[in-house]
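Note sheet for the following structure.
The values are calculated or read from the model by the stated rules, or taken from the named source; none is laboratory data. In this text the structure is predicted, and so the values were computed from the model without any measurement. Please note: Cβ atoms are built from the backbone with ideal geometry, for glycine as well, and neighbour counts cover all protein chains shown.
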DNA sequence: ATTTTAAAATGACCATTGGCCATTTTTAAT
DNA sequence: ATTAAAAATGGCCAATGGTCATTTTAAAAT
């Protein structure tokens, strides 16, 4: 009931309100077409206030990314089934990630932007550090499941869980990026549908992961 | 010998000089930290002149990308060996693309930026259109080789060349992006080396592509 | 040579925007 | 009612992409 606790709580609420506004505008207009002024207007604060809660535009976007990673982590975990094989669960979480990329456009774009970010490990900003760790947790889900698959025999035992988790994550993200950004062009120039691309991806992954 | 031809030639030279300058600054400072003024200074023209040769900064960067795609296409073609199996040639061009991503940092970043670009097919700018087509030619190399592999038996005949070419291109680009941008972090948080990641990628691709 | 015309280049100027900070407003403590 | 601290403000600055009226340069015409 202390006044300090209340102030702390209100501060978090204000921070969250700014994040809500930022997310809304970022998702509508994209990172580069979004001005801090328009976020401020949406949040009903002055621009200066934003900088009391976030160091800069970059960090604000990273805070949105963090939400995205947390949501993704949740969706992937929901996709897991205890009674399914580890291999099947890899397919399950891949499918969940595919759906995420289609349904959560704004968050997925934030992840793509993150994938292209090269940051200084010794000099991480607050939100960048948090989102990095959240991203690592997502990868950890993959690692754990590949490890399980080696044990339950549903995944080729020659495959190293750690390395292949990073390979799967990065290559699937790259694939989903193409699906998202180049679908129209591929359809137009090569008459290839999104469904066939997805099917082919999963076909190749099955062959790659399954025991020979 | 006409004066018109000479002027045309000189125009191309000036355009190329601007491109050289732009490339130099873009590669040193990155797309967003490069100002048109600094390019103009490097090219020894005024800023206004740049806009006589390129519609805007975006198009200028796309023109650099075009150079990158042309160089990549050349390197991939050089990596092909007539006496090798089609599968082996896929590995050869993949390795060449990997080297390209490591050696030609600036061009590879331009390609990554391109991968994230969503453009209106009905309203393509000049340089964007050219680079798009150059990118398609790179993919075509993959398509042709997978097709060959189905015929010479070095690649699983269940695999559709068109679809799997796009899958391979996008997933490998995504993988190389991770290698480029996250190598330090992966090493730091998971103690996984670039070499092991690359090895694992090729292991998975071999299993995926080879006949069962 | 001189004048006219066209092509090329210039750089001052504008609007937008990320970020800053001196000042004001609000809230809590005394 | 007064003081102190916290929060918010909005005017300001510097950087920058892009434009355009003017100037400069080169070619063509006389």
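The set of residues in region B:151-166 being farther than 13 Å from residue A:192 by Cβ and surrounded by 19 or more Cβ atoms within 10 Å (Cβ to Cβ) consists of B:154, B:155, B:156, B:159. State whether one or more residues within region B:118-134 are at the interface with chain A (Cβ under 8 Å from one of its Cβ atoms) and in a helix (DSSP H, G or I). Yes. In the condition set (1) away from DNA strand D (no atom under 16 Å from the Cβ); (2) part of a loop (DSSP other than H, G, I, E, B); (3) within 14 Å of another protein chain (Cβ to nearest Cβ), residue B:82 is compliant with all but (3). Pairs linking a residue in region B:44-55 that is more than 14 Å from every other protein chain (Cβ to nearest Cβ) to a residue that is near DNA strand C (Cβ under 7 Å from one of its atoms) and modelled with pLDDT of 95 or more, with Cβ atoms under 8 Å and 6 or more positions apart or on different chains, are B:45/B:14; B:53/B:14. Taking into account only those residues within region A:56-69 that are within 14 Å of another protein chain (Cβ to nearest Cβ) and crowded, with 18+ Cβ neighbours inside 10 Å, which is farthest from DNA strand D (Cβ to nearest atom)? Among those that are within 14 Å of another protein chain (Cβ to nearest Cβ) and crowded, with 18+ Cβ neighbours inside 10 Å, it is A:61. Among the conditions (1) in contact (Cβ under 8 Å) with a residue 60 or more places away in the chain; (2) surrounded by 16 or more Cβ atoms within 10 Å (Cβ to Cβ); (3) not assigned by TED's automatic domain parsing to the domain that holds residue B:174, the only one that residue B:72 does not satisfy is (3).
Closer than 29 Å to residue A:200 by Cβ and either within 12 Å of DNA strand D (Cβ to nearest atom) or away from chain B (no Cβ under 14 Å) (or both): does that describe residue A:41? Judged against the criteria, residue A:41 is not a match. Among all residues of region A:10-18, there is none that is touching a residue at least 60 places away in the same chain (Cβ under 8 Å) and more than 8 Å from DNA strand C (Cβ to nearest atom).
Taken as a whole, the condition of being within 14 Å of another protein chain (Cβ to nearest Cβ) and within 14 Å of DNA strand D (Cβ to nearest atom) does not apply to residue A:16.
Here is the figure for region B:19-38: residues that are assigned to a helix (DSSP H, G or I) and near DNA strand D (Cβ under 8 Å from one of its atoms) total 3. When each of A:65, A:71, A:19 is tested for being at pLDDT 95 or above and under 20 Å from residue B:116 (Cβ atoms), the lone residue that passes is A:65.
One line per residue, one yes/no per condition, for (1) within 17 Å of residue A:169 (Cα to Cα); (2) more than 7 Å from chain A (Cβ to nearest Cβ):
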position	(1), (2)
B:155	no, yes
B:159	no, yes
B:164	no, no
B:174	yes, no
B:180	yes, yes
B:186	yes, no
B:189	yes, no
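Filtering region A:167-185 to residues that are surrounded by 22 or more Cβ atoms within 10 Å (Cβ to Cβ) and more than 18 Å from residue A:108 (Cα to Cα) leaves only A:167. Scanning region B:27-48 for residues that are within 10 Å of DNA strand C (Cβ to nearest atom) and either exposed (fewer than 14 other Cβ atoms within 10 Å of the Cβ) or within 22 Å of residue B:113 (Cα to Cα) (or both) gives B:36, B:37, B:44, B:46, B:48.
Screening residue A:88 with (1) more than 16 Å from DNA strand C (Cβ to nearest atom); (2) crowded, with 17+ Cβ neighbours inside 10 Å gives one miss only, at (2).
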